[in-house]
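Inspection log for the structure reproduced underneath, given as structure tokens.
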Amino acid sequence: MTVKRQLSMVLDLNKCIGCQTCTTACKLMWTNRNGREFMYWNNVETQPGKGYPRDYQNMGGGFDEAGALRAGRQPSQEDYGIPWEYNYEEALMTGTDPWLRPNVKPTWGANWDEDQGEGDYPNSYYFYLPRLCNHCANPGCLAACSRNAIYKRQEDGIVLIDQERCRGYRYCVNACPYKKVYFNEQISKSEKCIFCYPRIEKGLPTACAQQCVGRIRWIGYRDDTEGPIHMLVEKYKVALPLHPEWGTQPNVFYVPPLSPPKYGPDGEMLDESRIPLEYLESLFGDGVAAALDTIRTERQAKADGKGSELMDTLIGYNHAEMFKLS
């Protein structure tokens, strides 16, 4: 789908500390109506892990190699995690219940398997993966909507849902392979991340990017050859889309994580990364090895005092350089 310009985001997974500040910022700003309690338009999940909603990577959607929509399914409320409150009144005020506890038994949530990962000591590993709507160039949700309620804004490519046209058929939920379209049962309409477009229109970055304490997020236009997005995605090719094989052409990109070396049986360091390359390639495609090699080379150049344009960008010295919104 052709738009005049396309806003994109890059996230450096080497810098994400899993603090959930981005999640909190998004939640505080946009959970402003009933029915959104279970929705995390931005979430940070631990990988390897089942993610949010649970096992979303196995729920289908997106496009096949021929460009046809693949069948997908809608997650259940249990897959997202049923929102709960605590019995504050009974436990803290009246004393009728001696324990503070949720009012429902939790079985899943947005970061349920946080910090678990895989591997055996001392070679266990995990990393954090923040996720939001990818505002794809070829959105599965848009292709599936029979009401023409989903569209990309011409001025910036942000994918939005026209709430007047939406009738809650939920084809979009099934068609999004990332499961970043949600059905609000209170209003019988679908809702999703809007890339904080009211802030973008004022020259401000998204709430998740603004509040990120690790400075892991860059925002800019794909056609801005002087901006950080072009540098990371096109020039150095160190930022890659999540699951490119799903065919939606995401506009959110990730710098894959480096990892420490494995230890051998006698405690010696091996010439092998703790996070398997094959696993990273299953997420970000065939460009991972080249991206990691570039990062290692540029990092060493910086350490040797030779300077590195790429490392200076990834450090993220100030927001003015990280957010190019004009």
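Summary table below
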| read-out | value |
| --- | --- |
| Any hit, region 239-247, residues being at pLDDT 95 or above, of a type in the set (A, V, I, L, M, F, W, C) and over 16 Å from the mean Cα position of the chain (by Cα) | no |
| Failed condition for residue 100, given (1) under 20 Å from the mean Cα position of the chain (by Cα); (2) assigned to a loop (DSSP other than H, G, I, E, B); (3) of a type in the set (A, V, I, L, M) | (1) |
| Selection from region 64-97 of residues that are part of a loop (DSSP other than H, G, I, E, B) and of a type in the set (D, E, K, R) | 64, 65, 70, 73, 85, 97 |
| Any hit, region 170-178, residues being in contact with a strand residue (DSSP E or B) (Cβ under 6 Å, 6 or more places away or on another chain) and charged (D, E, K, R) | yes |
| Failed item in (1) under 23 Å from the mean Cα position of the chain (by Cα); (2) of a type in the set (Val, Ile, Thr); (3) not in a loop (DSSP other than H, G, I, E, B), with residue 297 passing the rest | (1) |
| Neighbours by Cβ (under 9 Å, 6+ apart or cross-chain): first from region 43-70, in contact (Cβ under 8 Å) with a residue 12 or more places away in the chain and among the acidic types (Asp, Glu); second assigned to a strand (DSSP E or B) and buried (at least 21 other Cβ atoms within 10 Å of the Cβ) | 45/128; 45/129; 45/130; 45/131 |
| Test: residue in region 36-54 that is among the hydrophobic types (A, V, I, L, M, F, W, C), part of a loop (DSSP other than H, G, I, E, B) and surrounded by fewer than 15 Cβ atoms within 10 Å (Cβ to Cβ) | no |
| Boolean, residue 14 is assigned to a loop (DSSP other than H, G, I, E, B), surrounded by fewer than 21 Cβ atoms within 10 Å (Cβ to Cβ) and either within 14 Å of the chain's Cα centre (by Cα) or at pLDDT 95 or above (or both) | yes |
| Matching residues, region 281-291, being assigned to a helix (DSSP H, G or I) and without any contact (Cβ under 8 Å) to a residue 40 or more places away in the chain | 281, 282, 289 |
| Any hit, region 310-323, residues being more than 30 Å from residue 199 (Cβ to Cβ), free of Cβ contacts under 8 Å to residues at least 60 places away in the same chain and not in a strand (DSSP E or B) | no |
| Contacts under 9 angstrom Cβ, first residue in region 230-248 being among the charged types (D, E, K, R), partner surrounded by 18 or more Cβ atoms within 10 Å (Cβ to Cβ) and part of a helix (DSSP H, G or I), 6 or more apart | 235/310; 237/291 |
| Unique residue being surrounded by fewer than 16 Cβ atoms within 10 Å (Cβ to Cβ), of a type outside the set (Val, Ile, Thr) and within 30 Å of residue 4 (Cβ to Cβ) when the list is 235, 324, 306 | 235 |
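The values are calculated or read from the model by the stated rules, or taken from the named source; none is laboratory data. The structure displayed is predicted, hence computed values, not measured ones. Here Cβ is always computed from backbone atoms with ideal geometry, including for glycine, and neighbour counts include all displayed protein chains.
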